[in-house]
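Taking it in order: structure first as structure tokens, then the write-up.
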Amino acid sequence: MVAQESALQSLQRWVPGLNLGQDTICMEFAGSPSVCVGFLRVLPFPPTSQKHALSTNSNGFVHVKNPHLDLLPEDILYHFDLGTKTHDLPSMFGDVKFVCVGGSPNRMREFARFMHKELGLEGDGNNITDICAGTDRYSMYKSGPVLSISHGMGIPSISIMLHELIKLLHHAKSRDVTIIRIGTSGGIGIRPGTVVITDIAVDAFFRPQFEQVILDKVVVRNTELHQELAENLLRCSNEINDFPTIIGHTMCTYDFYEGQGRLDGALCSFSKEEKFEYLQKAYGAGVRNIEMESSVFAAMCHLCGLKAAVVCVTLLDRLQGDQITESHAVLAEYQKRPQKLIAKFIRKQLSLCT
Ligand SMILES: O=P(O)(O)O[C@@H]1C[C@H](O)[C@@H](CO)O1
Ligand SMILES: O=c1cc[nH]c(=O)[nH]1
């Protein structure tokens, strides 16, 4: 009990306003020693400035927070079909400055081709090869300093990819990396085709946190994204002036159907009225879109010192319906919007445009 109290006191120094309770929950913070204490209840919004101070990474390298890694003779990144002994990761990835991730392998290949052209790289980019061709779990393409990777659907899939990606960037000694998820989502109360830049990812209870079960404990992780990066991206979109873009909260769910309040799944255990009440409540809490990866993405990037953003286009307004009824051509054009925005941002960062 004595040890627990002193850990709690030290946590309170990091997070003023931390509330003690009887829940079996742990809270982790970027930049702190690996703090994990039982019997805590945490307030949802530790002050922003404090959290950024905690995650500041002075040398620009990507943090891995796992002391066991140093003991491995070789690190096999199994789902990428890459490894520290079989591949020269620093020469393959040491120059990476931007990592863009999204659910679909085809979308991420198209993005890599698009970036190849946007960066004025040699050739037409059409013969760009999948670095992870030895596995069909994920696809990975590299266009100059831009890495483009697919992550599949949902939290478990993107989480596995991120563990291996963060280790890859660490082994490669990549520095000052910005990572952006470019995806699709369902909007709430906004015009389909609107691009939402996430300020904070929230769970299905609208709490800005991600809960990860580790051994027999629930560990609560912060899901705030990089606010300055979000505002910078919004400015880029205003300059393009081609499609509506807003900053808002993104709700991350474990399911596309019942988990997102849809009435059209194989199962549905609630009424139409309950669905609307829930979505209106989400809107009232600041949620403007729903997808399935942002919370773990924000949490892992924050802990590892990666500057991260989530930029998702909305395919429909969930207050108007559940089914995605737009034509393939319209959906394809919508999916291109986050890509155009990120291309503009990267070009600006590399001083390739004003
Ligand atoms: O990046 P994508 O477009 O795959 O993200 C959303 C969330 C789920 O993965 C999927 C559901 O259709 O789309
Ligand atoms: O409604 C939607 C559309 C895309 N992706 C989601 O997760 N939900």
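The values are calculated or read from the model by the stated rules, or taken from the named source; none is laboratory data. Since we're looking at a predicted model, the values are computed, not measured. Reconstructed Cβ throughout: ideal geometry from the backbone, glycine too, with neighbour counts over all protein chains shown. Note: areas computed on protein heavy atoms with side chains; ligands, DNA, RNA excluded. Shrake-Rupley method; radii C 1.70, N 1.55, O 1.52, S 1.80 Å.
Pick from the range 184-209 the residues that are of a type outside the set (A, V, I, L, M) and more than 16 Å from ligand 2 (Cβ to nearest atom): which of them is nearest to the chain's Cα centre (by Cα)? Per the stated criteria, the residue is ASP199. Remark: pairs (first residue in the range 296-324, without any contact (Cβ under 8 Å) to a residue 40 or more places away in the chain; second residue open to solvent by 10 Å² or more (accessible area, probe 1.4 Å) and of a type outside the set (D, E, K, R); Cβ separation under 8 Å; 6+ apart in sequence or on different chains) = ILE324/LEU315; ILE324/LEU316; ILE324/LEU331.
Of the residues examined, GLN323 is one that is over 22 Å from ARG109 (Cα atoms), surrounded by fewer than 20 Cβ atoms within 10 Å (Cβ to Cβ) and within 16 Å of ligand 1 (Cβ to nearest atom). Screening ASP255 with (1) in contact with a Leu (Cβ under 8 Å, 6 or more places away or on another chain); (2) exposed (fewer than 15 other Cβ atoms within 10 Å of the Cβ) gives one miss only, at (1). Among the conditions (1) open to solvent by 40 Å² or more (accessible area, probe 1.4 Å); (2) touching a residue at least 24 places away in the same chain (Cβ under 8 Å); (3) over 18 Å from THR250 (Cβ atoms); (4) in contact with a strand residue (DSSP E or B) (Cβ under 8 Å, 6 or more places away or on another chain), ILE160 misses just one, which is (4).
In the set LEU40, LEU71, LEU119, LEU77, only one residue is modelled with pLDDT of 95 or more and open to solvent by less than 10 Å² (accessible area, probe 1.4 Å); that residue is LEU77. Taking the numbered list (1) within 15 Å of ligand 1 (Cβ to nearest atom); (2) of a type in the set (A, V, I, L, M, F, W, C); (3) touching a residue at least 12 places away in the same chain (Cβ under 8 Å) in turn, LEU263 passes all entries but (1). In the range 92-107 there is no residue matching the filter, namely being over 23 Å from the mean Cα position of the chain (by Cα), more than 23 Å from GLU291 (Cβ to Cβ) and without any contact (Cβ under 8 Å) to a residue 60 or more places away in the chain. Inside the range 258-285, residues that are loosely packed, with under 11 Cβ neighbours inside 10 Å and within 25 Å of GLY152 (Cβ to Cβ) make up a count of 3. Could you tell me whether the range 341-351 includes any residue that is free of Cβ contacts under 8 Å to residues at least 60 places away in the same chain and either buried (at least 20 other Cβ atoms within 10 Å of the Cβ) or part of a loop (DSSP other than H, G, I, E, B) (or both)? Within the range 341-351 (the criterion being free of Cβ contacts under 8 Å to residues at least 60 places away in the same chain and either buried (at least 20 other Cβ atoms within 10 Å of the Cβ) or part of a loop (DSSP other than H, G, I, E, B) (or both)), the answer is yes, since at least one residue qualifies.
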